[in-house]
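A.B. asks: This is the structure, below, for whatever I ask next.
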Amino acid sequence: MLILGIESSCDETGVALYDTDRGLLGHAVHTQVAMHEAYGGVVPELASRDHIRRLIPLLDRVLAEAGAKREGIDAIAYTAGPGLAGALLVGASFAESLAFALDIPALPVHHLEGHLLSPLLARDRPDYPFVALLVSGGHTQLMRVERVGSYELLGESVDDAAGEAFDKTAKLLGLGYPGGPALAALAAQGTPGRFKLPRPMLHSGDFDFSFSGLKTAVLTAAKARELTDADKADLAAEFQEAVTEVLATKALGAVKHCGLKALVVAGGVGANRRLRERLDAGAAKAGLRVYYPEVALCTDNGAMIAFCGAQRLLAGAAPPEGGAFTIRPRWPLADLLV
Ligand code: KG4
Ligand code: ZN
């Protein structure tokens, strides 16, 4: 079964072809970072218009890479939420019309479920059940994953998501958008510990997180004096230490709490090197294993959507009646059951 995946929930247009026997046959992503940079963040209307421009060329590229034809596609999976309404609508209308034209099913996919299952696309992948740490720009959640479509929320951020905290702190330090990679690069040049930042909720006894206070603490430190470039690097390093210590400690704690052996990390912040170092070191001590998606599949992409659609179809999910569709800009992951 050949599944086309379409991702357009935010500022990346992703298209991919996943074959249930042969694996990922092709994937292409166009990032809008350069376009939004001038505005310091994503401009939803510009994002939607750009998705329109990119989808067909990306589809042609992926078909060529896979050596496939449109007529060979068996089903189309697309991100139906959560995300920017206009951007989602572009992907949804594209996917639904192509599916209608080819007379094949179209399957709405939850963006976070895509991230959650993306480590299963790697050659070295865990068996169910496992714990997943979802760390993206909009979400920070720990989930117990029993199988496709069976997820239990163990804990989540009560305020800012980890990626959001990276982005906002980067902005405070005068770094560009997207802030996460820029802040991580600056942190690599700094020394943690010179500035002292809190480790929010580290000992809260649950699996929830809070990151908005950390951003405020950075702001307070930044206001206290004129920051030199070296100060900024040290502050960035301490910020990264604080976020990754809390994330790694709680994620590994959740795996032990569930009596499981495997942790899966998904979402853009999963690309953070320091987070990976901490998780790997902690896991080695505790006899646990951590699985990551390929770095290219950590941030938004069509491959995870195609894969997720394929898994749902294999698990027996019936695609909704063709033609009509609903996007869900806000869509709790807990609503998903196969
Ligand atoms: O999963 P993703 O691509 O999009 C969402 O669904 O949100 O995640 C994007 C987030 C952004 O907040 C970005 O700053 C963050 O992931 N990010 C990073 C790194 N790379 C991306 N944060 C910290 N370190 C990184 N290396
Ligand atoms: Zn995402």
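A.B. asks: Listed highest first by mean packing, meaning other Cβ atoms within 10 Å per residue, what order do 98-105, 132-139, 269-276 come in? Before the final figure, lay out each step's value.
C.D. replies: Working: 98-105: 15.9, 132-139: 25.1, 269-276: 22.1.
So the order, starting with the most tightly packed, is 132-139, 269-276, 98-105.
A.B. asks: Okay, moving on. Please tell me which of these pairs span more than 32 angstrom C-alpha to C-alpha: 171/250; 232/256; 168/250; 196/256; 196/250; 196/285? Write out the running numbers ahead of the final one.
C.D. replies: Numbers: 171/250 26 Å; 232/256 36 Å; 168/250 22 Å; 196/256 29 Å; 196/250 20 Å; 196/285 27 Å.
From the list (171/250; 232/256; 168/250; 196/256; 196/250; 196/285), the Cα-Cα distance tops 32 Å for 232/256.
A.B. asks: Here's another thing I want to ask about it. Can you give the relative contact order of segment 128-292 as a percent, counting alpha carbon pairs under 8 Å and 6+ residues apart? Kindly include the intermediate steps, with their values, before the conclusion.
C.D. replies: Values: 319 pairs, mean separation 45.0, N = 165.
For segment 128-292, the relative contact order is 27 percent.
A.B. asks: Could you check how many percent of all C-alpha pairs in segment 246-338 are farther apart than 15 Å? Before the final figure, lay out the partial values.
C.D. replies: Numbers: 3024 of 4278 pairs.
So the pairs more than 15 Å apart make up 71 percent of the total in segment 246-338.
A.B. asks: Shifting gears a bit: Report Rg(Cα)/(2.2 N^0.38 Å) for the chain, keeping two decimals. The partial results should precede the final answer.
C.D. replies: On the way: Rg = 20.0 Å, N = 338, 2.2 N^0.38 = 20.1 Å.
Compared with the compact-globule rule of thumb, the chain sits at 0.99.
A.B. asks: Going by how many other beta carbons lie within 10 Å of each one, how would you line up 51, 30, fewest first?
C.D. replies: On the way: 51 29, 30 18.
Starting with the residue having the fewest Cβ neighbours, the order is 30, 51.
A.B. asks: What's the magnitude of the charge dipole for the chain around its Cα centre, counting Lys and Arg as +1 and Asp and Glu as -1 at the beta-carbon? Answer in Debye, nearest 20. All intermediate terms of the calculation are to be shown ahead of the outcome.
C.D. replies: Working: 32 positive and 39 negative charges, 157 e Å.
Value, rounded to 20: 760 debye.
A.B. asks: Still on this structure, please answer the following. Run the helix sum for the chain: -39,500 (n - 2.57) per DSSP H stretch of 4+ residues, divided by residue count, reported at 222 nm to the nearest 500 deg cm²/dmol.
C.D. replies: Values: 10 runs with 141 residues, N = 338.
For the chain, the value works out to -13500 deg cm²/dmol.
A.B. asks: For a quick check, take a GNM of the chain with Cα springs below 10 Å and name the residue from 261, 69, 215 with the largest mean-square fluctuation.
C.D. replies: The residue with the greatest mean-square fluctuation here is 69.
A.B. asks: Now for a different question. Length gain on complete extension for the stretch residue 125 to residue 324, per 0.36 nm per residue less the alpha carbon to alpha carbon distance?
C.D. replies: On the way: separation 199, 0.36 × 199 = 71.64 nm, distance 3.59 nm.
My answer for the length gained is 68.1 nm.
A.B. asks: Could I ask something else about it? Report the FRET efficiency, 1/(1 + (r/R0)^6), for residue 256 and residue 35, where r is their Cβ-Cβ distance and R0 is 45 Å, rounded to 0.05.
C.D. replies: On the way: r = 44 Å, r/R0 = 0.97.
The calculated FRET efficiency here is 0.55.
A.B. asks: Sticking with this one: If you take the charge dipole of the chain about its Cα centre, with +1 on Lys and Arg Cβ and -1 on Asp and Glu Cβ, which of 239, 292, 317 is farthest toward its positive end?
C.D. replies: 239
A.B. asks: Right, another one. About its Cα centre, what dipole magnitude does segment 161-247 give when the only charges are +1 on Lys and Arg Cβ and -1 on Asp and Glu Cβ, stated in debye to the nearest 20? Intermediate results must be reported in sequence, preceding the final value.
C.D. replies: On the way: 9 positive and 11 negative charges, 52 e Å.
Around 260 debye, computed over segment 161-247.
A.B. asks: Which chymotrypsin sites (Phe, Trp or Tyr not before Pro) from segment 282-330 combine a DSSP loop assignment with at most 14 other Cβ atoms within 10 Å?
C.D. replies: Working: sites: 291, 307, 325; in loops: 325.
Nothing satisfies the criteria.
A.B. asks: Can you tell me, using C-alpha contacts under 8 Å and at least 6 residues apart, the relative contact order of the chain as a whole percent?
C.D. replies: Numbers: 743 pairs, mean separation 83.8, N = 338.
Once normalised by length, the contact order is 25 percent.
A.B. asks: Treating only the Cβ of Lys, Arg, Asp and Glu as charged (+1, +1, -1, -1), what charge dipole size does segment 128-292 show about its Cα centre? Round to the nearest 20 debye.
C.D. replies: In debye, rounded to 20, segment 128-292 gives about 360.
A.B. asks: Within a 10 angstrom radius of the beta carbon, how do 210, 97 rank from fewest other beta carbons to most?
C.D. replies: Ranked by crowding around the Cβ, least crowded first: 97, 210.
A.B. asks: Would you list 201, 304, 1 from fewest to most Cβ contacts within 10 Å?
C.D. replies: Working: 201 19, 304 35, 1 13.
Going from sparsest to densest Cβ surroundings: 1, 201, 304.
Where a number appears in this text, it was derived from the coordinates with a stated rule and is not lab data. Bear in mind that the values here come from a model prediction, so they are computed numbers and not experimental data. FYI the Cβ positions are ideal-geometry reconstructions off the backbone, even for glycines, and counts take in every protein chain you see.
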